[in-house]
1. If Val50 passes every condition in (1) in contact with a strand residue (DSSP E or B) (Cβ under 7 Å, 6 or more places away or on another chain); (2) at pLDDT 85 or above; (3) of a type in the set (A, V, I, L, M, F, W, C); (4) within 19 Å of Glu96 (Cβ to Cβ) but one, which one does it miss?
2. Based on what the data block shows, is Glu127 of a type in the set (Asp, Glu), touching a residue at least 24 places away in the same chain (Cβ under 8 Å) and surrounded by fewer than 21 Cβ atoms within 10 Å (Cβ to Cβ)?
3. Of all residues in the stretch 129-143, how many are within 18 Å of Tyr162 (Cβ to Cβ) and of a type in the set (S, T, N, Q)?
4. Considering only residues of the stretch 72-93 that are acidic (Asp, Glu) and in contact (Cβ under 8 Å) with a residue 40 or more places away in the chain, which is nearest to Asp170 (Cα to Cα)?
5. Please name all residue pairs, on different chains or six or more residues apart, with Cβ atoms under 7 Å, provided the first residue is in the stretch 208-234 and is within 16 Å of Lys244 (Cβ to Cβ) and the second residue is surrounded by 11 or more Cβ atoms within 10 Å (Cβ to Cβ) and among the β-branched types (Val, Ile, Thr).
6. Inside the stretch 148-193, can you point out the residues that are among the charged types (D, E, K, R) and within 23 Å of the chain's Cα centre (by Cα)?
7. Say we look at the stretch 258-277 and pick out the residues that are part of a loop (DSSP other than H, G, I, E, B) and free of Cβ contacts under 8 Å to residues at least 24 places away in the same chain; which of these is farthest from Lys198 (Cα to Cα)?
8. Consider only pairs whose beta carbons are under 9 Å apart and that are at least six residues apart or on different chains; among these, list those whose first residue lies in the stretch 59-71 and is farther than 15 Å from Tyr42 by Cβ and whose second residue is buried (at least 20 other Cβ atoms within 10 Å of the Cβ) and aromatic (Phe, Trp, Tyr).
Amino acid sequence: MSTFMFKGYKKDYIPVSSVFIDRYMPKARGEYVKVYLTGLKYCISGEPGVNSSMLASTLNLLETDVHNAWNFWQEEGVVRLVPLDNMNNFTVEFLELKDIEDSTVDEVHILQELSNSSVKDMLQDIERMLARPLSTKEISLYLSWQKDFGFSPELILMIIQYCLSKGKTDSRYAEKVAINWHDSKIKTIEEAQVYIKKHEDRWVSIRKILNYLGMKDAEVMKPQEDMLDKWLNLYKMPLEVIYKACDICFERLGRPEFKYIDAILASWYKEGIKSLEDVAKRDIKKPPIKKGVSKSGKDNFNNYEQRSYDYEDLEKKLLGWDNND
């Protein structure tokens, strides 16, 4: 459940821009229009905010419809969503539509491209996959991948499908994937399949390490992800060796600390350690320093003058046998 805070001004009426009615409303789904108008009403009336569950209940919609609606209007440039925290809470800012740059040129370009049946089929397939109509901005984005990256419609559909398998419907996430594939010189479906398998195999190992540390994917920052990549791909450490380094970290610090684990694995990498057997041999070669041993190598306890005792005589005294002659 998310909460949406409204940033706006209070008036005695609800001003709905004619630009919204003429340009944006006709291509939007009915539930998206309901969310926009209700949110605008709350904003104008001074309502500080409403959570997605309450808004969905008021409009007889699903919470996913509410989220999709705000994402749609943001993609269209009608509102701006500003994250308040990492809990899916946002401030919704309604934009002045008259200040939005005229998109006539983009719309003409899109109409020209839609004369191509393969492009039209691709966009329709994407809409079916996303279960919503595409915004003008999204359509322009997907078409730009064909022009700038040389991606085929089939490859673009594969990008969208890959994003959906990750639970991502945001076009910004898809754009990052597309740029990544372009930088990786991916041009065919086969190359994309190889890349996905390699990437997935990498994340399977990363998730195993995170599970061992009691962490989740979302808790990993970019520097930590880079360390995990280094352990697996540069150092090529087996998982059991990485687990061993994690165990040492827990024993010494009582918590997972990436930099500490990284230091251990970096040291082992320099020493050529690649297995648990290598770690055991290293520990044998480098036994821990005994407490009480001075730098000279002498045991401090043995530096004292030791006395000799008659242990049998002591035992008799303790047991009271010395009185029995």
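1. (4)
2. Taking the combined requirement at face value, the residue does not satisfy it.
3. So the count comes out to 0.
4. Checked the stretch 72-93; the qualifying residue nearest to Asp170 (Cα to Cα) is Glu75.
5. Ile209/Ile242; Leu228/Ile206; Leu228/Ile209; Trp231/Ile242
6. Within the stretch 148-193, Lys166, Lys168, Asp170, Arg172, Glu175, Lys176, Asp183 qualify.
7. Glu271
8. From residues that are farther than 15 Å from Tyr42 by Cβ, the pairs are Asp65/Tyr32; Asn68/Tyr32.
The values are calculated or read from the model by the stated rules, or taken from the named source; none is laboratory data. Computed from a predicted structure; not experimentally measured. Neighbour counts are summed over all protein chains in view; Cβ atoms, including those assigned to glycine, are modelled from backbone coordinates with ideal geometry.
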